[in-house]
Amino acid sequence: PSHPLLDQRSPLTPASCGTVGDWLRAIKMERYEESFLQAGYTSMQLLAHITT
């Protein structure tokens, strides 16, 4: 079984994903790709400006 506290993988960073679609697939949210693109988030640089 997976233990999150023992996970030694590097955290996901925008630099590790080539495209918005790659990033969304990596975090299991690929169904939102079209929405992100339509909202103007077409590059990883633009995603860096998203705030909560």
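Quickly run through the stretch 38-52 and pick out the residues that are outside any helix (DSSP H, G or I), hydrophobic (A, V, I, L, M, F, W, C) and modelled with pLDDT under 90.
Listed by number, the residues that qualify are Ala48, Ile50.
Scan the stretch 13-37 for residues that are assigned to a helix (DSSP H, G or I), modelled with pLDDT of 90 or more and more than 8 Å from the chain's Cα centre (by Cα) and jot them down.
Selection gives Glu30, Arg31, Tyr32, Glu33, Glu34, Ser35, Phe36, Leu37.
What pairs come up if the first residue lies in the stretch 27-52 and is without any contact (Cβ under 8 Å) to a residue 12 or more places away in the chain, the second is surrounded by 11 or more Cβ atoms within 10 Å (Cβ to Cβ) and in a loop (DSSP other than H, G, I, E, B), and their beta carbons are under 8 Å apart, counting only those six or more places apart or on different chains?
Correct list of pairs: Ile50/Tyr41.
The values are calculated or read from the model by the stated rules, or taken from the named source; none is laboratory data. Predicted model, so just to flag it, every value in this text is computed and none were measured. Don't worry about glycine lacking a Cβ; one is built from the backbone with ideal geometry, like all the others, and counts go over all protein chains shown.
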